[in-house]
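Dropping the structure in here first, questions after.
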Protein chains: 2
Amino acid sequence: MTEPSRAREIREAATELFYERGYHGTSMREIAARLNMRAPSLYNHLNSKQQLLVDIIEGDVALITREFEDATATTDDVIEKFRRGFEVHVRHHMRYAHESKIAMTEVAALEEPAQSQVKEMRRHYTELWRTLIENAVAEGRASTQSTNLAAYAIIDMGIGIARWFRPDGPVSEGTLAGTYCDFALSVIGADSSPTRSRT
Amino acid sequence: MTEPSRAREIREAATELFYERGYHGTSMREIAARLNMRAPSLYNHLNSKQQLLVDIIEGDVALITREFEDATATTDDVIEKFRRGFEVHVRHHMRYAHESKIAMTEVAALEEPAQSQVKEMRRHYTELWRTLIENAVAEGRASTQSTNLAAYAIIDMGIGIARWFRPDGPVSEGTLAGTYCDFALSVIGADSSPTRSRT
DNA sequence: TCTCGAGACTAACGAACGGTAGCCTGCTCG
DNA sequence: CGAGCAGGCTACCGTTCGTTAGTCTCGAGA
């Protein structure tokens with residue numbers, strides 16, 4: 001399953017440029033220039049510009065979904081599932097900030113049927129979160145009465161990270177993951193720390 | 001004095017299309033077609049495509065900032081300030097979902113100096129939130145130890161709304177505002193019960 | 001040493017882009 | 001009535017787009 005390395009380099013260069021300027025704001029000539037190539041040479045390694053976008057977005061959504069499923073499968077405790085799932089969610093949006101931002105902002109640039117497929121994959125990911133929160137509430141481990149909105153709020157909290165997080169910034173990956181985990185647990189109404197007081 | 005109503009119609013049509021397809025993914029011909037016009041006629045009412053984007057984004061960021069400042073100026077209680085500010089924040093991203101999404105995703109398409117100016121305006125808005133949360137903690141009304149991250153999390157929670165909220169959807173504006181307000185108060189570690197007391 | 005294929009290149013295509021020039025129509029108002 | 005003008009329109013400009021065709025080069029294997 002090893003893919004040609006040049007194809008991967010092109011996709012990485014495209015990821016950077018799509019992140020900085022957007023899909024329609026990036027030309028094949030710019031992607032090529034970043035690798036000291038000419039635009040037509042790119043077509044020795046890919047079929048179309050659109051396929052680049054499809055690969056980046058579908059790859060990202062598929063990856064975070066698999067990461068989430070793997071992380072939550074390793075425990076039966078619903079709050080621990082939540083904690084591990086959210087840590088994966090947050091860390092994904094730090095480590096793959098560029099891909100994540102593209103997957104969020106450039107879905108409209110996807111042609112059919114890829115656009116519908118990505119939307120379905122995202123709906124599925126959201127559903128995983130909604131179910132997890134629902135289970136936590138059903139077991140009396142969380143108290144929110146709006147599992148749907150809580151899922152949206154939690155997911156969006158993580159997504160936002162991709163817009164401002166910088167690996168060399170003042171906040172470390174671990175600190176951010178821990179702090180945001182407390183935020184998320186607060187949102188669903190689960191006790192997250194001993195200092196929290198509830199009536 | 002007759003308003004330049006046509007200019008406003010053009011900006012509204014552009015807002016819809018920039019929302020659906022992005023700035024670079026929208027042509028002046030498409031904007032014109034939505035008003036049953038031809039592209040060159042648009043230039044009777046505007047200077048450039050870029051100016052359309054600048055007006056939409058700067059207008060949106062300026063509006064939410066003013067709404068926030070107005071809402072928080074009407075009380076001295078820091079938690080009530082927070083509550084009113086966040087309600088404004090959430091409702092803005094529902095009512096102006098299209099403008100807000102553009103302001104979030106198309107900043108890279110802004111040319112200088114507009115791009116720097118918008119980034120500065122956003123930095124200012126974030127700073128308002130950070131200060132508000134800091135004051136709440138200083139007065140013992142909130143318990144978070146990460147005012148910076150809490151501000152990001154709360155702002156991003158609201159921004160996300162613009163991506164999925166539909167006015168004719170199953171969740172009403174009031175329900176969403178109320179539920180999200182509880183979420184936000186949980187994040188900063190403030191009691192979310194409706195009864196509050198001045199110190 | 002010769003062959004051959006991978007992968008770079010240059011040239012160029014048709015389409016679409018943002019924007020300009022200049023014309024025409026029809027309403028307003030002296 | 002008739003002049004002026006706001007605001008449409010068609011024609012077209014130069015540029016850039018994604019992509020194709022065809023050529024050249026160079027290293028590996030027979």
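The values are calculated or read from the model by the stated rules, or taken from the named source; none is laboratory data. Only a predicted model underlies this, so the values are computations on that prediction, with no experimental measurement involved. As a convention, Cβ positions derive from the backbone with ideal geometry for all residues, glycine included, and neighbour counts pool all protein chains shown. Only protein heavy atoms, including side chains, enter the accessible area calculation; ligands, DNA and RNA are left aside. Shrake-Rupley method; radii C 1.70, N 1.55, O 1.52, S 1.80 Å.
Report yes if some residue within segment B:152-165 is surrounded by 22 or more Cβ atoms within 10 Å (Cβ to Cβ), at the interface with chain A (Cβ under 7 Å from one of its Cβ atoms) and farther than 28 Å from B:PHE18 by Cα; otherwise report no.
No, segment B:152-165 contains no residue that is surrounded by 22 or more Cβ atoms within 10 Å (Cβ to Cβ), at the interface with chain A (Cβ under 7 Å from one of its Cβ atoms) and farther than 28 Å from B:PHE18 by Cα.
I would also like to ask the following. In segment A:18-30, what residues are more than 8 Å from DNA strand D (Cβ to nearest atom) and either away from chain B (no Cβ under 14 Å) or small (Gly, Ala, Ser) (or both)?
Within segment A:18-30, A:GLY22, A:GLY25 meet the criteria.
To continue, here is another question. The conditions are (1) out of contact with any Asp or Glu (no Cβ under 8 Å at 6 or more places or on another chain); (2) away from chain B (no Cβ under 14 Å); (3) away from DNA strand C (no atom under 16 Å from the Cβ); (4) open to solvent by 10 Å² or more (accessible area, probe 1.4 Å), and A:TYR43 fails exactly one of them. Which is it?
(3)
Within segment A:96-126, which residues are open to solvent by 70 Å² or more (accessible area, probe 1.4 Å) and free of Cβ contacts under 8 Å to residues at least 12 places away in the same chain?
Just the residues of segment A:96-126 that are open to solvent by 70 Å² or more (accessible area, probe 1.4 Å), to begin with: A:96, A:111-113, A:117, A:119-120, A:122-124.
Once the filter is applied, which keeps residues that are open to solvent by 70 Å² or more (accessible area, probe 1.4 Å) and free of Cβ contacts under 8 Å to residues at least 12 places away in the same chain, segment A:96-126 yields A:GLU112, A:PRO113, A:GLU120, A:ARG123.
Here is a follow-up. So, in segment B:31-87, of the ones that are touching a residue at least 24 places away in the same chain (Cβ under 8 Å) and in contact with a Gly (Cβ under 6 Å, 6 or more places away or on another chain), which residue ends up nearest to DNA strand D (Cβ to nearest atom)?
My answer is B:PHE68.
Right, something else. Tell me, yes or no, whether segment A:84-91 has at least one residue that is in a helix (DSSP H, G or I) and under 23 Å from B:LYS101 (Cβ atoms).
For segment A:84-91, residues in a helix (DSSP H, G or I) and under 23 Å from B:LYS101 (Cβ atoms): present.
Just give me the residues in segment A:127-146 being without any contact (Cβ under 8 Å) to a residue 40 or more places away in the chain, within 12 Å of chain B (Cβ to nearest Cβ) and surrounded by 15 or more Cβ atoms within 10 Å (Cβ to Cβ), in sequence order. Write out each step before concluding.
Kept after step one, since they are without any contact (Cβ under 8 Å) to a residue 40 or more places away in the chain, are these residues of segment A:127-146: A:127, A:130-131, A:134, A:138, A:140, A:145-146.
Imposing the further condition that a residue be within 12 Å of chain B (Cβ to nearest Cβ) reduces the set to A:145-146.
Within segment A:127-146, A:SER146 is the sole residue that qualifies.
Any idea how many residues of segment A:92-113 are touching a helix residue (DSSP H, G or I) at 6+ places or on another chain (Cβ under 9 Å) and part of a loop (DSSP other than H, G, I, E, B)? Break it down into steps so the answer makes sense when it comes.
Here is the first cut: in segment A:92-113, the residues touching a helix residue (DSSP H, G or I) at 6+ places or on another chain (Cβ under 9 Å) are A:92-111.
After this cut, where a residue has to be part of a loop (DSSP other than H, G, I, E, B) as well, the list is A:96, A:106, A:110-111.
Of the residues in segment A:92-113, 4 are touching a helix residue (DSSP H, G or I) at 6+ places or on another chain (Cβ under 9 Å) and part of a loop (DSSP other than H, G, I, E, B).
Now, a different point. Could you figure out which of (1) more than 16 Å from DNA strand C (Cβ to nearest atom); (2) open to solvent by 80 Å² or more (accessible area, probe 1.4 Å) isn't true of B:ALA62?
Condition (2) is where B:ALA62 drops out.
If you don't mind, another one. Which of the residues that make up segment B:5-32 are farther than 19 Å from B:ALA103 by Cβ and more than 10 Å from DNA strand C (Cβ to nearest atom)?
Narrowing segment B:5-32 to residues farther than 19 Å from B:ALA103 by Cβ: B:5-7, B:9, B:27-30, B:32.
Across segment B:5-32, the qualifying residues are B:SER5, B:ARG6, B:ALA7, B:GLU9.
Let me spell it out: the conditions are (1) more than 20 Å from A:ILE159 (Cβ to Cβ); (2) within 16 Å of DNA strand C (Cβ to nearest atom); (3) not small (Gly, Ala, Ser), and A:VAL78 meets all of them except one. Which number is the exception?
(2)
Same structure, new question: Quick check on this structure: which one of B:ALA39, B:ALA97, B:ALA33 is within 30 Å of B:ALA184 (Cα to Cα) and among the small types (Gly, Ala, Ser)?
B:ALA97
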